[in-house]
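Visitor: Below are the structure tokens for one structure; questions will follow.
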Amino acid sequence: MKALFLMSLALYSYACTDAAGNTPKDKIKVSVIPSANPLLVGKSTNPALQMVVFVPSDISQANVNSIHCTLNKEAVSDIQKIELYLPGKASGFSNANFLTSLGPASHEFDIPLNLKLASGVHHLWVSITLKKEADSNHFIELHVTKIVSAEGKEFPVTEGTTSFRKRIGIALRNAGDEGVNTYRIPGLITTDKNTLIAVYDIRYDNDADLPANIDVGMSRSTDGGKTWSPMKIIMDMGLPNETNGVGDPSILYDPVTKKLWVAALWSKGNRSIRGSGPGLSPDETGQFVLVSSADDGITWSSPYSITAQVKDPTWTIFFQGPGNGIALQDGKIVFPAQYWDATRMPYSTIIYSDDHGQTWKRGSGAKSNTTESAVVETTPGKLMLNMRDNRGSYRSVATSADMGNTWAEHPTSYSALPDPVCMSSLIKANVNIKGGQQNVLFFCNPNKSSAPRANITIKASLDLGETWEQANQLLIDERDCYGYSSLTKIDDNTLGLLYEGTKEIYFVKVLVSEIIK
């Protein structure tokens with residue numbers, strides 16, 4: 001919320017000065033700033049906008065009687081209630097205390113109040129709770145047009161210039177759902193039946209990585225992400241789970257065989273990154289395990305390990321990069337991967353199958369000290385690997401024309417895409433741009449060069465990753481978060497994004513025209 005806080009300070013300063021730059025002694029001023037986050041079905045509260053109310057020092061108390069609001073008409077049927085919150089000492093929404101609520105019956109309404117504000121600066125938050133059946137194709141635009149005192153006096157309102165138009169998304173998994181502490185590590189894919197398949201970690205006891213009590217869960221949507229099936233556990237390595245966890249899933253769809261594949265890391269005991277060692281057996285090293293589905297994600301095979309096929313026994317661990325894999329134009333299927341060599345230096349790489357998953361081969365390391373990666377086929381047979389780099393500040397990028405046997409560092413590597421050392425998502429999609437079809441690379445990550453992770457942003461490259469223009473990007477959620485994400489194409493005009501909040505996983509649909517102006 002840092003950007004929102006800075007904006008509120010700027011508007012507060014503007015609202016509290018007259019044309020000559022002086023601060024009037026008898027003027028109550030109100031500035032209104034929309035939050036930069038979607039409104040999510042399944043969340044009891046969604047911060048929509050903030051009001052900063054300035055009461056000058058010569059007014060001992062302002063009595064607020066009502067807040068007048070307008071709402072776009074299509075959104076009225078999507079909203080269950082609108083609530084008003086007043087923060088304590090801090091201005092953030094997480095510190096706010098409930099004041100009042102109502103269910104809007106029309107596009108123009110008043111929020112009744114009996115609020116007494118002493119001289120100084122006050123922050124009021126408006127939260128929107130959506131109905132379960134709210135339409136994710138709709139947008140919600142809420143405005144505060146005036147605030148009225150108990151004496152009938154109207155306080156002038158200044159609006160921020162940021163868009164008040166907010167998308168409707170879905171809290172696919174909330175912390176606490178089905179007694180689970182944390183949901184993490186999203187992966188998302190679209191099948192040829194236009195089914196969306198989402199996978200994620202079910203972290204039962206806490207938010208810690210493996211080794212831990214973790215299974216891999218899955219949810220399906222057959223209506224473009226409007227509704228989702230109940231969670232299904234598709235990878236469970238047996239009891240006791242606290243010493244037998246499996247997680248960090250990556251999902252892939254093979255359009256030739258119509259088969260779905262999910263890769264994950266199995267830690268038998270302490271066999272995740274820190275506890276894994278040389279060797280190939282589950283008692284020695286972490287296992288690269290797969291499951292598959294031949295019926296559009298309804299049923300799934302039992303997990304099995306391909307570690308002996310892809311791992312050098314001298315390495316300490318070899319496992320997938322979370323998110324999604326790809327199918328190449330020549331029929332090969334590819335997962336991003338990573339290995340940690342005998343000295344525990346990590347390298348991003350790939351694994352691939354040229355026989356539709358019967359056998360698997362690995363590539364070489366693309367760059368030292370890189371881990372989680374995403375892969376696309378930019379042109380036939382040419383792979384681009386976009387890597388999390390432990391050096392910090394930026395993503396590293398490499399390309400290969402020989403299935404990862406050799407890699408060349410790309411001109412954009414470690415310069416074009418800021419990153420706070422986090423996983424990211426990268427896909428190639430043929431989409432509609434201004435009436436014509438074009439292949440575009442879409443990238444998503446926390447758009448920052450340092451911690452904390454925040455500002456989940458989608459960017460587009462119209463030249464297959466050679467450049468990333470500032471104009472072709474869209475902020476989705478500015479809030480601090482765990483930061484992992486996964487993109488998929490829903491149709492020629494729409495992308496789907498599955499991303500992490502804090503201990504939770506959210507889904508939103510994004511129009512291509514919002515990203516590429």
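Visitor: Of all residues in segment 68-100, which are β-branched (Val, Ile, Thr) and either in contact with a Lys or Arg (Cβ under 8 Å, 6 or more places away or on another chain) or assigned to a helix (DSSP H, G or I) (or both)?
Guide: VAL76, ILE79
Visitor: Only residues in segment 102-125 that are under 25 Å from LYS73 (Cβ atoms) count as the first member; pair them with residues that are basic (Lys, Arg) and surrounded by fewer than 12 Cβ atoms within 10 Å (Cβ to Cβ), Cβ under 8 angstrom, at least 6 apart or cross-chain, and list the lot.
Guide: HIS107/LYS73
Visitor: Here's something else I'd like to know. Identify all residues within segment 358-384 that are touching a Gly at 6+ places or on another chain (Cβ under 8 Å) and not β-branched (Val, Ile, Thr); write none if there are none.
Guide: ARG362, GLY363, SER364, ALA366, GLU372, SER373, ALA374, LEU383, MET384, listed by residue number.
Visitor: Going by what's in this entry, would GLY103 be described as surrounded by fewer than 18 Cβ atoms within 10 Å (Cβ to Cβ) and assigned by TED's automatic domain parsing to the domain that holds TRP261?
Guide: So GLY103 does not fit the description; no.
Conditions tested, residue by residue: (1) hydroxyl-bearing (Ser, Thr, Tyr); (2) modelled with pLDDT of 90 or more; (3) under 22 Å from SER219 (Cβ atoms); (4) crowded, with 19+ Cβ neighbours inside 10 Å.
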{"position": "GLU108", "(1), (2), (3), (4)": "no, yes, no, no"}
{"position": "ILE111", "(1), (2), (3), (4)": "no, yes, no, yes"}
{"position": "LYS131", "(1), (2), (3), (4)": "no, yes, yes, no"}
{"position": "VAL144", "(1), (2), (3), (4)": "no, yes, no, yes"}
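Visitor: While we're here: Might you let me know whether segment 181-194 holds any residue that is touching an Asp or Glu at 6+ places or on another chain (Cβ under 6 Å), small (Gly, Ala, Ser) and modelled with pLDDT of 95 or more?
Guide: no
Visitor: If you don't mind, another one. Might you check whether a residue that is at pLDDT 95 or above, under 27 Å from the mean Cα position of the chain (by Cα) and in the same structural domain as GLY120 (by TED's automatic domain parsing) occurs anywhere in segment 87-94?
Guide: Within segment 87-94, none of the residues are at pLDDT 95 or above, under 27 Å from the mean Cα position of the chain (by Cα) and in the same structural domain as GLY120 (by TED's automatic domain parsing).
Visitor: Could you please give the count of residues in segment 127-163 that are within 15 Å of CYS69 (Cα to Cα) and either under 22 Å from the mean Cα position of the chain (by Cα) or of a type outside the set (Ser, Thr, Tyr) (or both)?
Guide: The qualifying residues number 15.
Visitor: All but one of (1) surrounded by 13 or more Cβ atoms within 10 Å (Cβ to Cβ); (2) touching a Lys or Arg at 6+ places or on another chain (Cβ under 6 Å); (3) farther than 24 Å from GLN320 by Cβ hold for THR457, so report the exception by its number.
Guide: (2)
Visitor: Now, a different point. Of ASN206, ASN181, ASN194, which residue is closer than 18 Å to SER486 by Cβ, surrounded by fewer than 19 Cβ atoms within 10 Å (Cβ to Cβ) and in the same structural domain as ASN270 (by TED's automatic domain parsing)?
Guide: Residue meeting the stated conditions: ASN194.
Visitor: Which one is farthest from the chain's Cα centre (by Cα) among residues in segment 34-86 that are crowded, with 19+ Cβ neighbours inside 10 Å and acidic (Asp, Glu)?
Guide: Looking at the filtered set, the residue picked out is GLU83.
Visitor: From the set of residues in segment 316-351 that are surrounded by fewer than 20 Cβ atoms within 10 Å (Cβ to Cβ) and without any contact (Cβ under 8 Å) to a residue 60 or more places away in the chain, which is nearest to LEU426 (Cα to Cα)?
Guide: LEU328
Visitor: Does TYR499 satisfy the condition of being aromatic (Phe, Trp, Tyr), in a loop (DSSP other than H, G, I, E, B), surrounded by 16 or more Cβ atoms within 10 Å (Cβ to Cβ) and in the same structural domain as VAL199 (by TED's automatic domain parsing)?
Guide: no
Visitor: Okay, moving on. Could you please find all residues in segment 290-314 being surrounded by 19 or more Cβ atoms within 10 Å (Cβ to Cβ) and charged (D, E, K, R)?
Guide: Across segment 290-314, the qualifying residue is only LYS311.
Visitor: Turning to a different aspect of this structure: Among ARG167, ARG173, which is within 30 Å of GLU372 (Cα to Cα), buried (at least 22 other Cβ atoms within 10 Å of the Cβ), among the basic types (Lys, Arg) and touching a residue at least 24 places away in the same chain (Cβ under 8 Å)?
Guide: ARG173
Visitor: Now for a separate question. Any chance segment 422-442 includes a residue that's at pLDDT below 95 and either in contact with a helix residue (DSSP H, G or I) (Cβ under 9 Å, 6 or more places away or on another chain) or more than 26 Å from GLU514 (Cα to Cα) (or both)?
Guide: yes
Visitor: Follow-up. Which residue out of GLN80, GLN50 is assigned by TED's automatic domain parsing to the domain that holds VAL144, closer than 24 Å to LEU474 by Cβ and among the polar types (S, T, N, Q)?
Guide: Selected residue: GLN50, the only one of GLN80, GLN50 that is assigned by TED's automatic domain parsing to the domain that holds VAL144, closer than 24 Å to LEU474 by Cβ and among the polar types (S, T, N, Q).
Visitor: Would you say TYR200 is part of a strand (DSSP E or B), touching a helix residue (DSSP H, G or I) at 6+ places or on another chain (Cβ under 9 Å), under 30 Å from SER292 (Cα atoms) and assigned by TED's automatic domain parsing to the domain that holds GLY245?
Guide: No.
Visitor: For segment 209-233, what are the residues that are out of contact with any helix residue (DSSP H, G or I) (no Cβ under 6 Å at 6 or more places or on another chain) and either farther than 25 Å from LYS132 by Cβ or outside the structural domain of ALA263 (by TED's automatic domain parsing) (or both)?
Guide: Answer for segment 209-233, where residues must be out of contact with any helix residue (DSSP H, G or I) (no Cβ under 6 Å at 6 or more places or on another chain) and either farther than 25 Å from LYS132 by Cβ or outside the structural domain of ALA263 (by TED's automatic domain parsing) (or both): ASP209, LEU210, PRO211, ALA212, ILE214, ASP215, VAL216.
The values are calculated or read from the model by the stated rules, or taken from the named source; none is laboratory data. Computed from a predicted structure; not experimentally measured. Methodologically, a virtual Cβ is constructed for each residue, glycine included, from the backbone with ideal geometry; neighbour enumeration extends over all protein chains shown.
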